[in-house]
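To start, the structure under review is shown below, and the notes come after it.
The values are calculated or read from the model by the stated rules, or taken from the named source; none is laboratory data. Only a predicted model underlies this, so the values are computations on that prediction, with no experimental measurement involved. Methodologically, a virtual Cβ is constructed for each residue, glycine included, from the backbone with ideal geometry; neighbour enumeration extends over all protein chains shown. Just the protein is used for accessible areas: all its heavy atoms, side chains included, with ligands, DNA and RNA removed. Shrake-Rupley method; radii C 1.70, N 1.55, O 1.52, S 1.80 Å.
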Amino acid sequence: MNTATERPIEKDPFFTRDSGFYKTLFRMLLVVAMQNLVAYSVNMADNIMLGVYSQDSLSAAATVNQVFFVVQQFALSIGNALVALAAQYWGQNRPGPVRTLTGIALKLGVILSVALVAVCALFPEPLLYLFTDSAAIVAEGTKYLSLLQWTFALFILTNVLMAALRSVGIVNISFYVSVVSLLVNVGINYTLIFGRFGFPELGILGAAVGTLTARTLEFLIVLAYILKVDKKLRLFSGGALLRRDPALRRDYAKVYLPIMCSQVLWGISVPMQTAILGHLSDDAIAANSIATTFYQYLKVIVIAMSSVSAVMIGSAIGRGERKRVRSDARSMAAIDVAIGCVLAATLFVLRGPLVSLYDLTPEAAEMARSLIAVMSVVMIGMSYQMPVSFGIIQGGGDAGFTMKMNLISTWLIVMPLSFMAAFWWRWPVEAVVLVIQSDQIFKGLPTYLRFRKYQWMKKLTQDG
């Protein structure tokens, strides 16, 4: 053989060199991040205005929002499972299964919505006493939950519809919906919490009215967009949305169950961790509420990166571009680290001005500043492991890894250590929070090891 005439084997680039990939990534990231920031501001508006109104109202809203956080995990698990499957079908240019899968996800969303609202309506006080032993906070929280519980169903169904649109690359509508929702919520909050423009002063109940109105508006706008504007997915065309497909339902269940277990088991641990702090002192729950509020505010950018990564990786796998997936994934992981460093620095530098927005006792204010400093360190680890594990690995078809990692890290390591740090060793609140959030740092190692094996690239679609 004449080896002199052979062409050298060109290795795949370590990072993607295609400028189109980065344009698509950052365009979608910007839109989804802005949508997440604005959407989170709906709850943020309640938090800030109630913080100005009274510390008990702030703590009550923070307590109820722990219940909403669990609801959010159910909504995210339904939507993420839909994206993992639908993005691969869309990569194969097969919209029919995408519509059928959306119908399956919506039916599941209705079932879960009914169950969650029933629990909140029947057992409001026992539910809130899980997170605090303050009767004043529970009394305020019960009023807030009485209206907020109806937003849970609206949030779940809206999230499923937006996940279906996101899986085919439609992201702009979610941003516009969130802007309208925020403006409506802030206007109603200002009017009813403080009793402006001749309206009664309703306090925390006024915040609940604002959130319920905003969530209702979100759902109606998204539904109207799908019915009247969307020409890409055409969700209601051909009856595919209502079609019964046992094979697709089984495929969805295989993806959904590990994602749901991962999201919900982790989601349940977060309010339990808040409950640990709530039983330490009223100052601790107020300070933690403020620290986690701004941490969550920046975290939505990381969540956006997870969402975009899942769509792009899933679509590439659906097209059969397995070699390209590797370089794309490595590029995304490097961007994740850079984003984490920027967000951590931002949170640390702004901790003083952020705390000054609230009317707190001096002890609670100092504790809040310290907790924000702790959360800025946590931000770096979270910004890598979450987009890689939930976006790249789970979006690539490997939902089992994230479930196992969250189960072990959260329930076998973090939760036992958190209880011991708070009630046995009686560490300071700042140290307890660091233990509670430590999994966001040490989960980076197993995530990296799994990522580099590339065994997470799995075809989930049926042959057409």
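As a fraction of the 1.4 Å probe accessible area of the chain, surface on carbon and sulfur atoms comes out at 66 percent. Sequence-ordered 3J(HN,Hα) estimates for the range 186-199 from the Karplus curve with 6.51, -1.76 and 1.60 and θ = phi - 60° stand at 5, x, 5, 4, 4, 6, 9, 5, 9, x, 8, 6, x, 7 Hz, glycine and proline given as x.
Taking a ≥ b ≥ c as the square roots of the Cα gyration tensor eigenvalues, with a/c under 1.5 meaning rounded and otherwise prolate when a/b beats b/c, else oblate, which class fits the range 213-263? Taking the square roots of the gyration eigenvalues as a ≥ b ≥ c, the range 213-263 is oblate.
Only Lys, Arg, Asp and Glu carry charge here, each on its Cβ (+1 for the first two, -1 for the last two); on that basis the range 259-337 has a dipole of about 680 debye about its Cα centre.
A helix-only calculation puts the chain at -26000 deg cm²/dmol for mean residue ellipticity at 222 nm, using -39500 (n - 2.57) for each DSSP H run of at least four residues, averaged over all residues. The listed peptides 237-244, 106-113, 213-220, ordered by packing as a protection proxy, come out as 213-220, 106-113, 237-244 (highest mean of other Cβ atoms within 10 Å first).
Think of each Lys and Arg Cβ as +1 and each Asp and Glu Cβ as -1; about the Cα centre, that makes the dipole of the range 270-409 roughly 880 debye.
Counting only Cβ charges, +1 for Lys and Arg and -1 for Asp and Glu, the dipole size of the chain around its Cα centre is about 2400 debye.
With 30 Å as the limit, the listed pairs Lys254/Lys453; Lys107/Lys404; Lys107/Lys443; Lys23/Lys323 have Lys107/Lys443 beyond it between alpha carbons. The Kirkwood radius of the chain, taken over pairs of alpha-carbon atoms, gives through the Stokes-Einstein law at 10 °C and 1.306 mPa s a diffusion coefficient of 70 µm² s⁻¹. Each Cα pair under 8 Å and six or more residues apart adds its sequence gap; the mean of these over the residue count of the chain is a relative contact order of 23 percent. Under the combined filter of DSSP loop state and at most 12 neighbouring Cβ atoms within 10 Å, the range 11-70 retains these trypsin sites (Lys or Arg not before Pro): Lys11, Arg17. Under the combined filter of DSSP loop state and at most 15 neighbouring Cβ atoms within 10 Å, the range 418-452 retains these chymotrypsin sites (Phe, Trp or Tyr not before Pro): Trp425. In the range 19-132, taking the dipole from charged Cβ atoms about the Cα centre, the farthest positive-side position among Val110, Pro126, Trp90 is held by Trp90. Restricting the trypsin sites (Lys or Arg not before Pro) of the range 376-464 to loop positions (DSSP other than H, G, I, E, B) with no more than 11 neighbouring Cβ atoms within 10 Å leaves Arg426.
Think of the range 250-338 as having a plus end and a minus end, set by charges on the Cβ of Lys, Arg, Asp and Glu; of Pro271, Tyr256, Ala329, Ala329 sits farthest toward the positive end of this dipole.
Radius of gyration (Cα atoms) of the range 61-155, expressed as a multiple of 2.2 N^0.38 Å: 1.37. Once the Cβ-Cβ distance between Ser356 and Ser54 is put in as r, and R0 is 22 Å, what FRET efficiency do you end up with, to the nearest 0.05? Between Ser356 and Ser54 the formula returns 0.80. Surface analysis of the range 333-434 yields an accessible area of 41 Å² per residue, using protein heavy atoms and a 1.4 Å probe. Between Arg196 and Gln455, full extension at 0.36 nm per residue minus the direct alpha carbon distance yields a gain of 87.4 nm.
Going by the alpha-carbon gyration tensor, a ≥ b ≥ c the square roots of its eigenvalues, is the range 133-200 rounded (a/c under 1.5) or, if a/c is not under 1.5, prolate (a/b greater than b/c) versus oblate? Oblate. Each of Val222, Val209, Ala316 was placed along the dipole of the chain (beta-carbon charges, centred on the mean Cα), and the one lying farthest toward the positive end is Ala316.
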